[in-house]
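Notes to accompany the following structure.
The values are calculated or read from the model by the stated rules, or taken from the named source; none is laboratory data. As the structure is a computational prediction, the values presented were derived from the model and not from experiment. With ideal geometry, Cβ positions are generated from the backbone for all residues, glycine too; neighbour counts draw on all protein chains shown.
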Amino acid sequence: MYQIITDGSWDMGSERATRFGVDIVPYYVTMDGEHYLKEIEELDVRDFYQFMVDNPKIFPKTSLPTVQDYYDVFEKYAKQGIDIICFTLSAKFSGSYNSARNAGNMIQENYPGIRVTIMDTTLATLMQGLMIQEIVRFQRSGADYDALIKRADEIKDTCRIFFTVENMDYLVHGGRVGKLAGISANILNLRPMILMTQGELFPSGLARGRVQSRKKAMEKLFAHIEENGNDPDRYIYMVGYGYNIKEGEDLRKDVIEHMKKKWPGFEPTVEIGQIGATIGVHTGPHPIGFGLCEKSC
């Protein structure tokens, strides 16, 4: 028997965590730089985005789960003789992976018979969550501990996230875009197209305005499918949004409609979810995008 655990960057919420039997180790969020709240448990993501919209000159911050946070969750299962597999946000974005590894080492010292594997998903937000949902499906199909780790390692390399933001302010503040480039892009109404793969963010072009940026992101998604076997049924899909749920719902409808036109007879299943604070502090209140991940079985 083994338990799947994830850090709070999975962004699927507590209800899905219960449904899929996943335990969560949340991040901390601060609005004022002094008082930290646990995301999910003490701070609802809707309230987080509302604060950002109401206070555009204040930049919230996140703090990673501590070693003790991980240890406390791991120990619940170690005491029952249950092995552990923990998935974390990309190690290139956060020290969450290292915190989990340190806690895992402590568990193995104190509970020598317990297996603990910490896996860097190289992903973030809803794509991390979508991958973990697929891993749970694989677990429920009867996969043993070693088989699940092997399949998870294969799946994470197939995942891609294509997204854009409303403006460059938060990317500039976080040091991911130079100040001059950010100001120029905002003045020209340009939206950055961003690809996340292999745990890193890569520039993927610019688009003028929100509608055009969504269209370009969709084109890049379809191009990726075509370049990798042209089999849309190989993947599962997810649309992510920030403050504006209607924008997310509209994008989901557009993706489904265009996929049906491009691949007649294909009936896509496209999930939708709200991007959490762990990534939202870097994107601002209006990220929008989608991703894909290979099915587990």
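Structural remarks
- Residue within segment 265-273 that is more than 24 Å from ILE132 (Cα to Cα) and either surrounded by 19 or more Cβ atoms within 10 Å (Cβ to Cβ) or among the charged types (D, E, K, R) (or both) present: no
- Criterion applied to PHE93, PHE138 was being surrounded by 16 or more Cβ atoms within 10 Å (Cβ to Cβ), at pLDDT below 95 and not assigned by the TED database to the domain that holds GLU227, and the one residue passing it is PHE93.
- Number of positions in segment 13-32 that are modelled with pLDDT of 95 or more and either assigned to a loop (DSSP other than H, G, I, E, B) or more than 15 Å from the chain's Cα centre (by Cα) (or both): 11
- Considering residues of segment 205-225 that are outside any helix (DSSP H, G or I) and among the aliphatic types (A, V, I, L, M) only, the residue nearest to LYS246 (Cα to Cα): ALA207
- Test: residue in segment 136-150 that is in a helix (DSSP H, G or I), closer than 21 Å to ARG16 by Cβ and free of Cβ contacts under 8 Å to residues at least 40 places away in the same chain: yes
- Taking first residues from segment 30-41 that are among the acidic types (Asp, Glu) and partners that are surrounded by 15 or more Cβ atoms within 10 Å (Cβ to Cβ) and assigned to a loop (DSSP other than H, G, I, E, B), the Cβ contacts under 9 Å between residues at least 6 apart in sequence or on separate chains come to ASP32/PRO60; GLU39/PRO26; GLU39/TYR27; GLU39/GLY276; GLU41/PRO26.
- Whichever residue in segment 109-125 is aliphatic (A, V, I, L, M) and within 16 Å of SER94 (Cβ to Cβ) and, among such residues, is surrounded by the most Cβ atoms within 10 Å (Cβ to Cβ): LEU123
- Filtered by the rule that a residue be modelled with pLDDT of 95 or more, of a type in the set (D, E, K, R) and closer than 20 Å to PRO287 by Cβ, segment 208-246 gives a lone residue, LYS246.
- Condition check for GLN50: polar (S, T, N, Q) and either modelled with pLDDT under 95 or assigned by the TED database to the domain that holds THR88 (or both): no
- When GLY265, GLY242, GLY248 are checked against the criterion of being more than 30 Å from THR30 (Cβ to Cβ) and of a type in the set (Gly, Ala, Ser), GLY265 stands alone in meeting it.
- Yes/no for TYR77 being more than 20 Å from the chain's Cα centre (by Cα), within 22 Å of GLN133 (Cα to Cα) and outside any strand (DSSP E or B): yes
- Residue ID - surrounded by the fewest Cβ atoms within 10 Å (Cβ to Cβ), chosen from residues in segment 54-74 that are part of a loop (DSSP other than H, G, I, E, B) and of a type outside the set (A, V, I, L, M, F, W, C): LYS57
- When segment 15-53 is filtered for residues that are closer than 17 Å to PRO285 by Cβ, in contact with a strand residue (DSSP E or B) (Cβ under 9 Å, 6 or more places away or on another chain) and exposed (fewer than 14 other Cβ atoms within 10 Å of the Cβ), only ARG46 remains.
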